[in-house]
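I have placed the structure first, in the form of structure tokens, so that the comments after it can refer back to it.
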Amino acid sequence: MAGGEGQQTRDRGFDLHGRLRERERRGLKRSLDTAESAAPRTRFDGDERLVFASNNYLGLATDDRVQAAAAEAAREVGAGAGASRLVTGDTTAHRALERELADTKDTDRALVFSSGYAANVGTLTALDPDVVFSDELNHASIIDGCRLADAETVVYDHCDPDSLAAAMREREDEGGSWLVVTDSVFSMDGDVAPLHDLCDVAERYGAWVMVDEAHATGLYEDGGGVAERDGLGDRVDVRLGTLSKALGSQGGYVAGSETLVRYLVNAARSFVFSTGLAPPAAGAARKALAISRTGDCRERLWANVARLRDELASLGYEVGGDTQILPVMVGDCEDAVALADGLREQGVVAPAIRPPTVPHGTSRIRVAPTAAHTREEIDDCIAAFETAGGRLDLL
Ligand SMILES: Cc1ncc(COP(=O)(O)O)c(C=O)c1O
């Protein structure tokens, strides 16, 4: 008998109730809310709501053509890849998508991962940099990648090339491999990294640059991201993104040189030791990418963004960012939560973003219009902000 006769077994388990209570006390406890579909108007636990909280920016997750492409890939290739890409899971669906991604990015090759998270973690650990210079607002998957890579991580001020330059200057005499990593569009602020200036600084010190275009892929020139919009493709060594936001599917990708991709195939553990991206996700992403390159969904998105931004500002809200992500600044955490609750009462889902996700005093509602919202739905969102904000005396 463990512990010997008469001896009480020591509890070496996990006090999950206690941990949850602690999260609740700190206002950090989250729960799931089940939607019937990824469409902008859908039911949550029976109640119809208008969603302004999704990253399905081009509305392609429920586009007939994208859904048909997913079904076709499932029929022709399989519902799952069946194995890691290096075993038997490297299918024609993956290769076709990767060719299309490389073509969009004008790179030698692209490689898809099972998520954007896996792409970041796998790429950062495979590169195994000596020093990573990381924007202070980079996504959690970049932060986790830096931790797992066990690199010295130097956090520079948000979108500040001077802060990056100062950090590099301090280490001027050090050798090793250096990587600058940044989101292109920041998910909570909707602002855009000054890629041109960051590349200038990185080049001055011989460092590589890695850009995560999760919130930009599909939205700019020819279905590209900010690097393509700004003509900086050949100055960014590692171009990463996700298939799960504007492309309405699932998965992540890295685009770059032939050598980079060949190396990641061998060294990115989240690629090597994980089943290949599901073929329906690959088929859907490929179709969505083609639509984003040629269709009018990007124009529809940007028209909805401009209208919502202008109308919210004319109601008196401070709306930040320069992209499709509209942070409506509230400041106080409780006010932001009350505004999100008020919007929900009006049938609109847009979440309050509060500390620790954003700094104290900068709580906000993150509003994300999509190409799939109709003019009336944008009007409904504006009306909800007017009513809910008015009731709380925020206007
Ligand atoms: C900047 C950034 N990178 C990576 C990811 C992860 O992508 P995925 O959802 O495909 O795992 C996200 C998701 O929110 C993101 O915002």
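The values are calculated or read from the model by the stated rules, or taken from the named source; none is laboratory data. Please read these numbers as outputs of a predicted model, since none were measured by experiment. With ideal geometry, Cβ positions are generated from the backbone for all residues, glycine too; neighbour counts draw on all protein chains shown.
Specify which of the listed residues (Ser270, Ser257, Ser292) is within 22 Å of Asp183 (Cα to Cα) and within 14 Å of the ligand (Cβ to nearest atom).
After ruling out the rest, the residue left standing is Ser270.
Can you pull out the residues in the range 313-338 that are in contact (Cβ under 8 Å) with a residue 12 or more places away in the chain, outside any strand (DSSP E or B) and within 25 Å of Ala303 (Cα to Cα)?
Residues satisfying the conditions are Leu315, Gly316, Tyr317, Gly320, Gly321, Asp322, Thr323, Gln324, Ile325.
What number goes with the only condition from (1) on the phi > 0 side of the Ramachandran plot; (2) crowded, with 18+ Cβ neighbours inside 10 Å that Leu124 does not pass?
Of everything listed in (1) on the phi > 0 side of the Ramachandran plot; (2) crowded, with 18+ Cβ neighbours inside 10 Å, Leu124 misses just condition (1).
Say we look at the range 197-214 and pick out the residues that are hydrophobic (A, V, I, L, M, F, W, C) and within 13 Å of the ligand (Cβ to nearest atom); which of these is farthest from Arg298 (Cα to Cα)?
The residue in question is Met210.
Could you please find all residues in the range 21-44 being in contact (Cβ under 8 Å) with a residue 12 or more places away in the chain, part of a loop (DSSP other than H, G, I, E, B) and in contact with a strand residue (DSSP E or B) (Cβ under 9 Å, 6 or more places away or on another chain)?
Matches in the range 21-44: Asp33, Ser37, Ala38, Ala39, Pro40.
Conditions: (1) more than 16 Å from the ligand (Cβ to nearest atom); (2) over 27 Å from Arg293 (Cβ atoms); (3) surrounded by fewer than 18 Cβ atoms within 10 Å (Cβ to Cβ). Ala151 meets all but one. Number of the miss?
Going through (1) more than 16 Å from the ligand (Cβ to nearest atom); (2) over 27 Å from Arg293 (Cβ atoms); (3) surrounded by fewer than 18 Cβ atoms within 10 Å (Cβ to Cβ) one by one, Ala151 breaks only (3).
Would you mind telling me which numbered condition in (1) within 16 Å of the ligand (Cβ to nearest atom); (2) buried (at least 23 other Cβ atoms within 10 Å of the Cβ); (3) on the phi > 0 side of the Ramachandran plot Cys159 fails?
(2)
Let me spell it out: the conditions are (1) farther than 30 Å from Gly59 by Cα; (2) away from the ligand (no atom under 16 Å from the Cβ), and Asp230 meets all of them except one. Which number is the exception?
(1)
A quick yes/no check of all residues on (1) under 23 Å from Gln324 (Cα atoms); (2) modelled with pLDDT of 95 or more; (3) of a type in the set (Lys, Arg):
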| site | (1), (2), (3) |
| --- | --- |
| Arg23 | no, no, yes |
| Leu28 | no, no, no |
| Asp33 | no, no, no |
| Asp47 | no, no, no |
| Ser54 | yes, yes, no |
| Gly59 | yes, yes, no |
| His94 | no, yes, no |
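Go through the range 292-316 and give me each residue that's modelled with pLDDT under 95 and surrounded by 17 or more Cβ atoms within 10 Å (Cβ to Cβ).
Correct list: Gly295 only.
Regarding Arg239, is this residue in contact with a Lys or Arg (Cβ under 7 Å, 6 or more places away or on another chain), modelled with pLDDT of 95 or more and either closer than 14 Å to Ser114 by Cα or within 16 Å of the ligand (Cβ to nearest atom) (or both)?
yes
Listed residues Thr153, Thr123, Thr107; which is among the β-branched types (Val, Ile, Thr) and assigned to a loop (DSSP other than H, G, I, E, B)?
Of Thr153, Thr123, Thr107, the one residue that is among the β-branched types (Val, Ile, Thr) and assigned to a loop (DSSP other than H, G, I, E, B) is Thr107.
Tell me, please, whether a residue that is over 24 Å from the mean Cα position of the chain (by Cα), away from the ligand (no atom under 16 Å from the Cβ) and without any contact (Cβ under 8 Å) to a residue 12 or more places away in the chain can be found in the range 124-145.
no
Can we say Thr217 is among the polar types (S, T, N, Q), under 19 Å from the mean Cα position of the chain (by Cα), under 16 Å from Ile142 (Cα atoms) and within 16 Å of the ligand (Cβ to nearest atom)?
So Thr217 fails the test.
With the requirement that a residue be farther than 23 Å from Asn56 by Cβ and surrounded by fewer than 19 Cβ atoms within 10 Å (Cβ to Cβ), what does the range 67-79 give you?
If the condition is that a residue be farther than 23 Å from Asn56 by Cβ and surrounded by fewer than 19 Cβ atoms within 10 Å (Cβ to Cβ), then Arg75, Glu76, Gly78 are the ones that fit.
Of the conditions (1) part of a helix (DSSP H, G or I); (2) modelled with pLDDT under 95, Glu174 satisfies every one except a single condition; which number is it?
Here Glu174 meets the rest and fails (1).
List pairs: first residue in the range 354-374 and without any contact (Cβ under 8 Å) to a residue 24 or more places away in the chain, second residue surrounded by fewer than 22 Cβ atoms within 10 Å (Cβ to Cβ) anywhere in the structure, Cβ distance under 8 angstrom, at least six positions apart or on different chains.
If the second residue must be surrounded by fewer than 22 Cβ atoms within 10 Å (Cβ to Cβ), the pairs left are Pro355/Cys333.
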